[in-house]
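Undergrad: Quick one: this structure, given as structure tokens, is what I'll be asking you about.
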Amino acid sequence: MTAPSKHVVLPITTCFGLSRRAIGIGLLFTVMINIWVPYGSFLVHSSRMTLSHLPISVLIPFFLLLFIVNPLLRTWPSQRHLTGSELALIFVMMFVASLVPGKVMVAYLMGIIATPYYFARPENQWAATFFQYLPDWLLVHGQGSTLTWFYEGIPPGAGEVIWGPWFPPLFWWLTLFMVLFFVGACLSTIMRKTWVEHERLAFPLVRMAIDLIRHDEQTTRRFPTFVYDRMFQVGFGTTLMLMVWNISSFWGAVPPIPIGVMYSTMLPVMDGASAIKISVNIYALCFAFLAPLEITFSLWFFALFGVLEGGLLNRFGLQYSGSAVGANAVVKAQFFGGFIMFVIWHLWTARHQIAEVIRQAWQGVPTPSTELLSYRTAVFGLLGGVFYLVAWMIKSGMVWWVIPVLLFFMFILYVGMTRVIAQTGMAFLDLPVNAHHFTILTLGSAHIDPQSLTALGLASAYARNWRGMGIGTIAQSDKVMSDLQQNKRGLFGLMTLTFLLSLLTSILFTIYIGYTTIGAYNFGGRDAFGGINESYYDDIVRWIRNADQLQVPEFVFMAMGGAMMLVLTILTHRLPAWPLAPVGFTVAFADVARLLMFSLFLAWLTKMLLLRIGGVTVYRRAQPFVWGVLVGFCAGVFLGFLVDVIWFPGQGHSLHEWV
């Protein structure tokens, strides 16, 4: 047994009560994440590291600090290891940094600002349909070689990176993103007491990080205490060996073990219904196992319910392929109706707390240091932020009466997703609908002028952001700091700096590698430059030339979904043993959740059997095993990235994906 180490306790210099050392490390990792993610995704074509509400691009460096850096610091008596509050601060900074690169924010932004003047062709009819409505101050123009060299790479000896045309539109987009981030912080502050103290949401997505940091704080040995648990070691070793074996199959010498997102099969369940994807997503499985049992049950149950319902409706001829919502249109409308009712219900139950926050803001009552922002800043900042958003959208060409509808759906979706993630801990979850699309479908494209439709098309840069432009990350980060460091003075300023640095690093690096390497056209079709970007502008043509609008059956099913949510909520409050959590109905038929149905079922089945066989004691003994699986999986994904960089550049392998 290793003897307890004797540490020399050195003072930690602080800035606004925050460790300068932690700030420096956090900023360093911020830059690294925003270079590593686009490099791996666009050039190596390896795993996409930000496709989660707690991205693996956060956990890999976090585990590096926890299992390598801190143990090394403990072996050197002249150095002080990172404390729990320092680890929490670094974790939060990396969490915020992960909001930007890849298919989170930058991919959507680049797909908007750099597409129309390069990809316009006579056959797609962009120039004839909407070019006269484009706001030039938000787009990069194609004069000279600006866009040609970006998409195709600079020819040898032809010149250097052309930066000038990028800066004006980027400035205005960055102001929008910074205001949206600030508005998210205001909303999170206003809702914090409701979510944390009144509803007592578990925040299972970050609960593991909090628990691991606490174990690291309490250890008297070199490694955190759970590392010495045999269950952790078995979970870690088994998963890492699986990952190493499957990585070795890249060369074709050995057959892979078909566990992971690269391996799947489709299971048909009935005629007319979507087939169920049978695949084991290890990352999603770990977080689902740590979530409450009734929630994982509800998620897979309602996902299966939606699949079967869609099949029955198809057999009776009640589904129709011409809907603007797409396949399973009325079923999607039904579940989104439940989502809207879910958000409205919880806002109604929180009305007294919200009113109290507004009262304290109006009267200037001092806000405790446990809040991210003062209530006055949150309330009046929210009003000021909304004013800027309205002004920005009007300037972009959107008619004034469309904006409240768009902002309403953005608010419902982003606040709702934050609330859902805080309760379910779903690692992978996409928006059930996109706010700008649903705005058009609700109002009808025939009733909106072409210039506004064009401006709504540009809203793909911010209205389809599945991480809610930061509000969910801010709320989760607030929970981490609340549990590990009560005083949050200066924290939001640091989070804002981290967000801005991330935007600048990721955007400028993406532009740079477009010019100096293979050209953005060859970045691949998974994110922003392989056809998805063109679809944003093809949508505008369709909206202007065809009448897109929700039909009567979709409105009816939305109302039915709202009524079903109301019934589920009442039953949950009236019947303590009621097995179905209403939150499961909200997002179970969102595409990602539906495709993860089998992994959710496995997590529920495993946890249910453990609780039935051995009760809570056995379940708690199994938790270190799941931690080990997650750490082993993260190590394997990073090893796979290194293998792709060395042996398969440009032909990488996606060991980590949505589904």
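The values are calculated or read from the model by the stated rules, or taken from the named source; none is laboratory data. Computed from a predicted structure; not experimentally measured. Cβ coordinates were reconstructed from backbone atoms using ideal geometry, including for glycine residues, and neighbour counts include every protein chain displayed. In case anyone asks, the SASA skips ligands and DNA or RNA and just uses the protein heavy atoms, side chains included. Shrake-Rupley method; radii C 1.70, N 1.55, O 1.52, S 1.80 Å.
Undergrad: Against the condition over 19 Å from residue 419 (Cα atoms), modelled with pLDDT of 95 or more and crowded, with 17+ Cβ neighbours inside 10 Å, how does residue 301 come out, does it pass? Full working, then the answer.
TA: On the way: over 19 Å from residue 419 (Cα atoms): yes; modelled with pLDDT of 95 or more: yes; crowded, with 17+ Cβ neighbours inside 10 Å: yes.
Here the answer is yes, as residue 301 does meet what is asked.
Undergrad: Let me ask something additional. Looking for something aromatic (Phe, Trp, Tyr), open to solvent by 20 Å² or more (accessible area, probe 1.4 Å) and more than 24 Å from the chain's Cα centre (by Cα) - is there at least one such residue anywhere in region 260-269?
TA: The answer is no; no qualifying residue exists.
Undergrad: OK, next. Going through region 605-659 one residue at a time, which ones are at negative phi and not in a helix (DSSP H, G or I)?
TA: 648, 649, 651, 652, 653, 654, 655, 656, 657, 658, 659
Undergrad: Filter the helices (runs of 4 or more DSSP H) completely within region 506-597 down to those with at least 1 residues that are hydrophobic (A, V, I, L, M, F, W, C), touching a helix residue (DSSP H, G or I) at 6+ places or on another chain (Cβ under 8 Å) and surrounded by fewer than 19 Cβ atoms within 10 Å (Cβ to Cβ). Please lay out each step first, then the result.
TA: Numbers: elements: 532-545, 552-574, 582-587, 591-595.
Passing ranges, in order: 532-545, 552-574.
Undergrad: Also, quick follow-up: Residue 335 is checked against (1) under 19 Å from residue 476 (Cα atoms); (2) open to solvent by less than 30 Å² (accessible area, probe 1.4 Å) and fails just one. What number does that condition carry?
TA: (1) is the only condition that residue 335 fails.
Undergrad: May I ask you to list the residues in region 256-278 that are touching a Phe, Trp or Tyr at 6+ places or on another chain (Cβ under 7 Å), assigned to a strand (DSSP E or B) and of a type in the set (Val, Ile, Thr)?
TA: Scanning region 256-278 gives 276, 278.
Undergrad: Only one of (1) surrounded by 23 or more Cβ atoms within 10 Å (Cβ to Cβ); (2) in a helix (DSSP H, G or I); (3) polar (S, T, N, Q) is not met by residue 465, so which one is it?
TA: The one condition residue 465 does not meet is (2).
Undergrad: Tell me which residues, restricted to region 326-360, are part of a helix (DSSP H, G or I), of a type outside the set (A, V, I, L, M) and closer than 21 Å to residue 434 by Cβ.
TA: Step one: list which residues in region 326-360 are part of a helix (DSSP H, G or I), which gives 329-349, 351-360.
Pick out the ones that are also of a type outside the set (A, V, I, L, M) and you get 332, 334-339, 342, 345-346, 348-349, 351-353, 356, 359-360.
Passing the criteria: 332, 334, 335, 336, 337, 338, 339, 342.
Undergrad: While we're here: Answer yes or no: is there a residue in region 118-128 that is within 18 Å of the chain's Cα centre (by Cα) and modelled with pLDDT of 95 or more. Write out each step before concluding.
TA: Here is the first cut: in region 118-128, the residues within 18 Å of the chain's Cα centre (by Cα) are none.
The answer is no, given that none of the residues of region 118-128 is within 18 Å of the chain's Cα centre (by Cα) and modelled with pLDDT of 95 or more.
Undergrad: Starting from residues that are more than 19 Å from the chain's Cα centre (by Cα) and charged (D, E, K, R), keep the ones in region 76-117 and report whichever is least open to solvent (accessible area, probe 1.4 Å).
TA: By that ranking, first place goes to 86.
Undergrad: Condition check: surrounded by fewer than 19 Cβ atoms within 10 Å (Cβ to Cβ), touching a Lys or Arg at 6+ places or on another chain (Cβ under 9 Å) and either touching a residue at least 40 places away in the same chain (Cβ under 8 Å) or in a helix (DSSP H, G or I) (or both). Does residue 73 satisfy that? Reasoning before the result, please.
TA: Details: surrounded by fewer than 19 Cβ atoms within 10 Å (Cβ to Cβ): yes; touching a Lys or Arg at 6+ places or on another chain (Cβ under 9 Å): yes; either touching a residue at least 40 places away in the same chain (Cβ under 8 Å) or in a helix (DSSP H, G or I) (or both): yes.
The answer is yes for residue 73.
Undergrad: Go through region 175-184 and give me each residue that's more than 18 Å from residue 494 (Cβ to Cβ) and surrounded by fewer than 19 Cβ atoms within 10 Å (Cβ to Cβ).
TA: 175, the sole residue that qualifies.
Undergrad: Ok, one more. Filter region 598-607 down to the residues that are over 11 Å from residue 278 (Cα atoms) and surrounded by fewer than 24 Cβ atoms within 10 Å (Cβ to Cβ) and list them by number.
TA: Scanning region 598-607 gives 604, 605, 606, 607.
Undergrad: I'm told residue 372 meets every condition in (1) of a type outside the set (Lys, Arg); (2) in contact (Cβ under 8 Å) with a residue 12 or more places away in the chain; (3) part of a helix (DSSP H, G or I) except one. Can you identify the failing condition by its number?
TA: (3)
Undergrad: Taking region 188-238 as the region of interest, how many residues are outside any loop (DSSP other than H, G, I, E, B) and basic (Lys, Arg)? Before you say what the answer is, go through the steps one by one.
TA: Residues of region 188-238 outside any loop (DSSP other than H, G, I, E, B): 188-198, 204-218, 225-228, 230-238.
Okay, now just the ones that are also basic (Lys, Arg), so 192-193, 207, 214, 230.
Qualifying residue count, region 188-238: 5.
Undergrad: In region 197-232, what residues are in contact with a Ser or Thr (Cβ under 7 Å, 6 or more places away or on another chain) and open to solvent by less than 40 Å² (accessible area, probe 1.4 Å)?
TA: 219 - this is the single residue of region 197-232 that is in contact with a Ser or Thr (Cβ under 7 Å, 6 or more places away or on another chain) and open to solvent by less than 40 Å² (accessible area, probe 1.4 Å).
Undergrad: Here is a further query. Let me spell it out: the conditions are (1) of a type outside the set (Gly, Ala, Ser); (2) open to solvent by 10 Å² or more (accessible area, probe 1.4 Å); (3) at pLDDT 95 or above, and residue 474 meets all of them except one. Which number is the exception?
TA: Exception for residue 474: condition (2).
Undergrad: Looking at residue 51 and the list (1) under 20 Å from residue 655 (Cβ atoms); (2) hydrophobic (A, V, I, L, M, F, W, C); (3) at pLDDT 95 or above, which single condition is not satisfied?
TA: Unmet condition: (3).
Undergrad: Do you know which residues across region 639-659 are under 20 Å from the mean Cα position of the chain (by Cα) and either of a type in the set (A, V, I, L, M, F, W, C) or surrounded by fewer than 19 Cβ atoms within 10 Å (Cβ to Cβ) (or both)?
TA: Within region 639-659, 655, 657, 658, 659 qualify.
Undergrad: Moving on to the next point. Going by the structure shown, is residue 370 within 30 Å of residue 607 (Cβ to Cβ), surrounded by fewer than 17 Cβ atoms within 10 Å (Cβ to Cβ) and within 29 Å of the chain's Cα centre (by Cα)?
TA: Values: within 30 Å of residue 607 (Cβ to Cβ): no; surrounded by fewer than 17 Cβ atoms within 10 Å (Cβ to Cβ): yes; within 29 Å of the chain's Cα centre (by Cα): yes.
Considered against the rule, which asks whether it is within 30 Å of residue 607 (Cβ to Cβ), surrounded by fewer than 17 Cβ atoms within 10 Å (Cβ to Cβ) and within 29 Å of the chain's Cα centre (by Cα), residue 370 comes out as no.
A quick yes/no check of all residues on (1) at pLDDT below 95; (2) farther than 23 Å from residue 592 by Cα; (3) surrounded by 21 or more Cβ atoms within 10 Å (Cβ to Cβ); (4) of a type outside the set (Val, Ile, Thr):
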| position | (1), (2), (3), (4) |
| --- | --- |
| 365 | yes, yes, no, no |
| 377 | no, yes, no, no |
| 386 | no, yes, no, no |
| 389 | no, yes, no, yes |
| 397 | no, yes, no, yes |
| 405 | no, yes, no, no |
| 426 | yes, no, yes, yes |
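Yes or no, residue by residue, for (1) without any contact (Cβ under 8 Å) to a residue 12 or more places away in the chain; (2) within 25 Å of residue 429 (Cβ to Cβ); (3) out of contact with any Leu (no Cβ under 6 Å at 6 or more places or on another chain):
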{"residue": "589", "(1), (2), (3)": "no, yes, yes"}
{"residue": "595", "(1), (2), (3)": "no, yes, yes"}
{"residue": "605", "(1), (2), (3)": "yes, yes, yes"}
{"residue": "623", "(1), (2), (3)": "no, yes, yes"}
{"residue": "632", "(1), (2), (3)": "no, yes, no"}
{"residue": "637", "(1), (2), (3)": "no, yes, no"}
{"residue": "647", "(1), (2), (3)": "no, no, yes"}
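Undergrad: Of the residues in region 394-433, how many are in contact (Cβ under 8 Å) with a residue 60 or more places away in the chain, over 24 Å from the mean Cα position of the chain (by Cα) and on the phi < 0 side of the Ramachandran plot?
TA: So the count comes out to 2.
Undergrad: Among the residues of region 621-638 satisfying the criterion of being buried (at least 19 other Cβ atoms within 10 Å of the Cβ) and aliphatic (A, V, I, L, M), which is farthest from residue 235 (Cα to Cα)?
TA: Keep residues of region 621-638 that are buried (at least 19 other Cβ atoms within 10 Å of the Cβ), which gives 624-638.
Add one more test, that the residue is aliphatic (A, V, I, L, M), and what stays is 626, 629-631, 635, 637.
Values: 626: 6, 629: 5, 630: 8, 631: 9, 635: 12, 637: 16 Å.
Across region 621-638, the extreme among qualifying residues is 637.
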